[in-house]
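Read-outs throughout are calculated quantities, based only on the coordinates presented, and are distinct from any laboratory measurement. In this text, all values refer to a predicted model and were calculated from it rather than measured experimentally.
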Amino acid sequence: MTLPILRSTNAASTPAVYEPLREFAQLQQRMTDLLSTVLTGNPLTGAGWTPLADVTETDDAYLVEIDLPGVDRKDLTVEVAGDQLRVTGEIVEKEKVGWLRHRTRRVGQFTYQTLLPGGIDTEHISADLADGVLSVRVPKTETAKPRRITVNAG
């Protein structure tokens, strides 16, 4: 059995388009802001957006790579407090000539935060910006590095 199709020519009665991915992204941003407020005690009001990033681990360090095309290094701040890495900054909008018809590039203030495991060497953290990618290398302490144990025959 099929159900009848209800059609209306009245635009006001047309249901809105459901966009679950957009709603999920908005929910994720709200949860990130809420978690940051809980962890740091500082609300991220006006923090803008969060750039895309990868966090990888090697035997001797953690590497955080953040996509920041168009960012000048003078507009970046990289901080480590305890086990939290925080990168803030701003992509300054360039002056446009002509009419802007479509925009997908992000501009304005951004914040990226991640929690790092214990055993990091905060004195030797380095950050490099090249080709629109910020690479932050967080070395591990000697005690946090894996070491090979020799197995003796008995």
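Just tell me which lysines come within less than 18 Å, Cα to Cα, of Lys74; anything on the same chain fewer than 8 places away is out.
Candidates past the 8-residue exclusion: Lys94.
For Lys96, which aspartates and glutamates qualify as cross-link partners when the Cα separation must be under 19 Å and same-chain residues fewer than eight apart are set aside?
Correct list for Lys96: Asp72.
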